[in-house]
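The values are calculated or read from the model by the stated rules, or taken from the named source; none is laboratory data. Please read all numbers here as calculations on a predicted model, not as lab measurements. Here the Cβ positions follow ideal geometry from the backbone for every residue, glycine too, while neighbour counts run over all protein chains shown.
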Amino acid sequence: MKANGKYVKAKEILLVARARLRTVPPGGTPRQGDLADAATANALQETERILAEGATERLAEIDLALLRLARGEYGACEDCGGTLAAGRLLVLPWARRCVLCQGEIDRGYRVRDSSFGHARLRAAA
């Protein structure tokens with residue numbers, strides 16, 4: 001999926017979130033900016049919330065999303081190849097999986113294989 005004008009807003013949100021994560025020490029409070037766009041403001045609030053959960057991990061996710069955007073791969077599920085819903089990308093612009101694939105991982109039906117960067121089916125017990 002080529003990155004044309006379709007994902008301009010997602011790229012803006014990702015770049016702002018990355019900049020804030022890189023400039024705010026863990027546990028710090030970012031300075032309030034004059035952001036008129038509600039989607040950007042919501043993404044920044046989410047970014048502030050996740051700082052406590054691990055800024056380094058989120059930065060890696062954002063960098064991967066920006067790389068996928070540059071390669072024209074943004075918006076495709078890395079497991080099934082399906083298209084990620086526009087609403088999912090607005091809420092989580094760094095999302096790598098569709099709701100169905102991520103749900104299977106979250107419920108334990110699939111496990112993440114960190115050596116290959118994708119999920120696989122869990123063996124039946």
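Every test in (1) under 18 Å from residue 5 (Cα atoms); (2) surrounded by 13 or more Cβ atoms within 10 Å (Cβ to Cβ) is passed by residue 87 save one, and that test is (2).
If I filter the range 46-66 for residues that are modelled with pLDDT under 75, over 17 Å from the mean Cα position of the chain (by Cα), at positive phi and surrounded by fewer than 18 Cβ atoms within 10 Å (Cβ to Cβ), do I get at least one hit? Within the range 46-66 (the criterion being modelled with pLDDT under 75, over 17 Å from the mean Cα position of the chain (by Cα), at positive phi and surrounded by fewer than 18 Cβ atoms within 10 Å (Cβ to Cβ)), the answer is no, since none of the residues qualifies.
Tally time: how many residues in the range 60-90 are hydrophobic (A, V, I, L, M, F, W, C) and without any contact (Cβ under 8 Å) to a residue 40 or more places away in the chain? Result for the range 60-90: 8. When residue 96 is tested against (1) modelled with pLDDT under 90; (2) surrounded by 13 or more Cβ atoms within 10 Å (Cβ to Cβ), only condition (1) is not met. The residues of the range 67-84 include none that are closer than 17 Å to residue 18 by Cβ, of a type in the set (Gly, Ala, Ser) and surrounded by 14 or more Cβ atoms within 10 Å (Cβ to Cβ).
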